[in-house]
Amino acid sequence: MDEKFTIFNMFSMLGGLAFFLYGMNVMSTGLEKLTGGKLEIALKKMTSNIFKSILLGMGITIAIQSSSALTVMLVGLVNSGIMTLEQTVGVCFGSNVGTTFTAWILSLAGLEGDNFFIKMLKPESFSPLIALAGIIMIMVCKKNKKKDMGRIMVGFAVLMTGMTVMGDAMEPLANSEKFQSILTAFENPFLGVLVGAGFTGIIQSSAGSIAILQTFSIAGTMTNGMALPIIMGLNIGTCVTALISSIGVKTNAKRVACIHVLINTLGTVVLLPVALILQYVLDFGPLSSTANAFSIAVMHSIFNVAITIMFMPFAKQLCKASRFLIKDKDGDGEDSDTIVIDPILLKTPAVAVQACRSASIKMADLTKETILEALDVLRDFSEERAEEIARKEDIIDGHEDKLNSYLLKISKSSITGNDSRSVSKMMHCVGNFERISDHAVNLVESAREMHEKGIYLSSECSDEIAVLTEAIAENITRAFEAYNNNDLSAAHKVEPLEEVVDSLSTELKNRHIRRLQNDECTVELGYIFQDILTNLERVSDHCSNIAGCLIETDEKTTLHAYLHDIKENDENFRREYRAYAEAYFAKLNAKA
């Protein structure tokens, strides 16, 4: 090495890179928390066409400052069945374009001029002020959202400090003949692509690679023609993170990483020869000019925009190519009732929360379907349907285990207050879903016992049960719709009907006791009838628990306080209770 560039300069450069990557990580984590589950919601809703997908990919990558994080997120969402492979292609295009934003920010360091406003645009001028504001927000603010904003600002300042440290460490290389001789090796464009891809693959950050390339340009010995192949290579290298995240996932999720690799590799294969023709055949002047931070940002943007324009019409063909390269395997096709929540999403807890929300809604739908089928089997027993209910109950048990385990891991992550409440709500509700499915099986067992013994409830008793099950079916529908739509107005209607169910159950018990006293029913049937009533009451209780959990969490009250208040002071509750009671007791008396 030239004597002007010592080992301490190398230490400084590595330290600057560490600051840069740490600042990037802090920013990315803070931005993910700030956006909450809106990322996953946006990904699901805004991928209806390729143009929306591209804009969405750009926006999210700029927001979280990491195309790799977005691609990993896509792998997890496809593996969980939340997104389709086709929906991810446009997002991948957009993430490539969005990642160029970092290079533009870093290029501000190259601004020259004595004007106050030009000086203030330089990162080393404004980043200390951002750091100070961020620290004040972290120390003074009470709300977590504002603290997260402060962390993002500090992360940005650390990132910029790292960039400045790297730049200062590289300045002695401007006059180093040995360094200039090393750079001549990069006149070989294929070596440039390999170095760019290899280095980015190692540090797993295209932004970090661009930052180092822009820092190297300070020496003034690199041309744009030498820098462009390195830029193309780092685009390929950024796929390494997605490839690592695709290990052990389902085939379709592997194809997301494959598409990302295809886009960037094919882009290089097509555009590198074009760049070489422009430079060596047509003698295109800008490629022979000295590279700087600004020109590197321009080339980075042109390359990513160009491959997006080129391959955008071939989105379907990219999906076909990924399916050709990665074949389906046995076991990829899963039961439509199965839920998968990819552990990859734990890297973005806010998205993981929304993925759990989608999975819990699927569990809720299956539970509702199971209990309503059980109510039908109670009236008309069928062994085939009874076995199907038992199968679904096993699936629901598995869902509860998976969801609770996953939600517990999320709760240990750094998440926002809203996400924490969502996790708490889900943990309570999935337990109620599972117990409702248990009662569905118990009801089927009662029906099976009567069927096998050839004993049946009297027509009067069956009619009474039919009125009770109708009320419970209505309450099930209300409670589950309240959960799925997060609808508090629907949740508030559950408790009045639950009170009516309790009153109906008490009336049915009294009538049954009279039948036993008059020898109109056997003791054996009496036990079965009691079991049926008990399970039906428990189902309604769990519906009340689900609705109460929504109200308790969102209205920040306790379930006990809520129930006491509405029963003592809420005229709407009393009015709805009277309306339900009159309707269902009229049906009950009509059956008598």
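The values are calculated or read from the model by the stated rules, or taken from the named source; none is laboratory data. Values in this document were obtained by computation on a predicted structure and should not be read as measured data. Heads up, the Cβs are rebuilt from the backbone with ideal geometry, glycines too, and the neighbour counts pull from every protein chain shown. In case anyone asks, the SASA skips ligands and DNA or RNA and just uses the protein heavy atoms, side chains included. Shrake-Rupley method; radii C 1.70, N 1.55, O 1.52, S 1.80 Å.
Confirm whether Ala364 is open to solvent by less than 10 Å² (accessible area, probe 1.4 Å), over 23 Å from Asp148 (Cβ atoms) and assigned to a helix (DSSP H, G or I). Yes, satisfied. Of everything in the stretch 510-544 that's free of Cβ contacts under 8 Å to residues at least 40 places away in the same chain and of a type in the set (S, T, N, Q), which residue is most open to solvent (accessible area, probe 1.4 Å)? Here the answer is Gln517.
Within the stretch 317-339, can you find the residues that are of a type outside the set (A, V, I, L, M), open to solvent by 70 Å² or more (accessible area, probe 1.4 Å) and at pLDDT 80 or above? Listed by number, the residues that qualify are Gln317, Lys320, Arg323, Phe324, Lys327.
Considering the stretch 477-502, and only residues there that are outside any helix (DSSP H, G or I) and among the charged types (D, E, K, R), the residue that is surrounded by the fewest Cβ atoms within 10 Å (Cβ to Cβ) turns out to be Asp487. If you go through the stretch 348-368 and keep only what is more than 17 Å from Ser405 (Cβ to Cβ) and touching a helix residue (DSSP H, G or I) at 6+ places or on another chain (Cβ under 7 Å), you end up with Thr348, Ala350, Val351, Gln354, Ile361, Ala364, Leu366, Thr367, Lys368. Return the only residue of Ala466, Ala471 being open to solvent by less than 10 Å² (accessible area, probe 1.4 Å) and assigned to a helix (DSSP H, G or I). The conditions single out Ala471. Look at (1) touching a helix residue (DSSP H, G or I) at 6+ places or on another chain (Cβ under 7 Å); (2) over 17 Å from Val539 (Cα atoms); (3) buried (at least 16 other Cβ atoms within 10 Å of the Cβ) and you find that Lys402 fails only one, number (1). Based on this model, can you work out whether Phe294 counts as under 28 Å from the mean Cα position of the chain (by Cα), open to solvent by 20 Å² or more (accessible area, probe 1.4 Å) and either of a type in the set (Phe, Trp, Tyr) or modelled with pLDDT of 85 or more (or both)? No.
Scanning the stretch 206-218 turns up no residue that is assigned to a helix (DSSP H, G or I), at pLDDT 80 or above and open to solvent by 20 Å² or more (accessible area, probe 1.4 Å).
Any chance you could count how many residues in the stretch 400-459 are in a helix (DSSP H, G or I) and touching a Lys or Arg at 6+ places or on another chain (Cβ under 6 Å)? Here the count works out to 1. Counting only helices (runs of 4 or more DSSP H) wholly contained in the stretch 101-195, the ones carrying 3 or more residues that are crowded, with 19+ Cβ neighbours inside 10 Å and modelled with pLDDT of 65 or more occupy 123-140, 144-170.
When Asp438, Asp380 are checked against the criterion of being modelled with pLDDT of 90 or more and either hydrophobic (A, V, I, L, M, F, W, C) or surrounded by fewer than 22 Cβ atoms within 10 Å (Cβ to Cβ) (or both), Asp438 stands alone in meeting it. One residue stands out in the stretch 405-433 among those that are under 11 Å from His542 (Cβ atoms) and in contact (Cβ under 8 Å) with a residue 40 or more places away in the chain: the one that is surrounded by the fewest Cβ atoms within 10 Å (Cβ to Cβ), namely His428.
For the stretch 229-248, the tally of residues that are assigned to a helix (DSSP H, G or I) and either touching a Pro at 6+ places or on another chain (Cβ under 8 Å) or hydrophobic (A, V, I, L, M, F, W, C) (or both) stands at 11. Once the stretch 36-81 is narrowed to residues that are polar (S, T, N, Q) and assigned to a loop (DSSP other than H, G, I, E, B), the residue that is modelled with the lowest pLDDT is Thr47.
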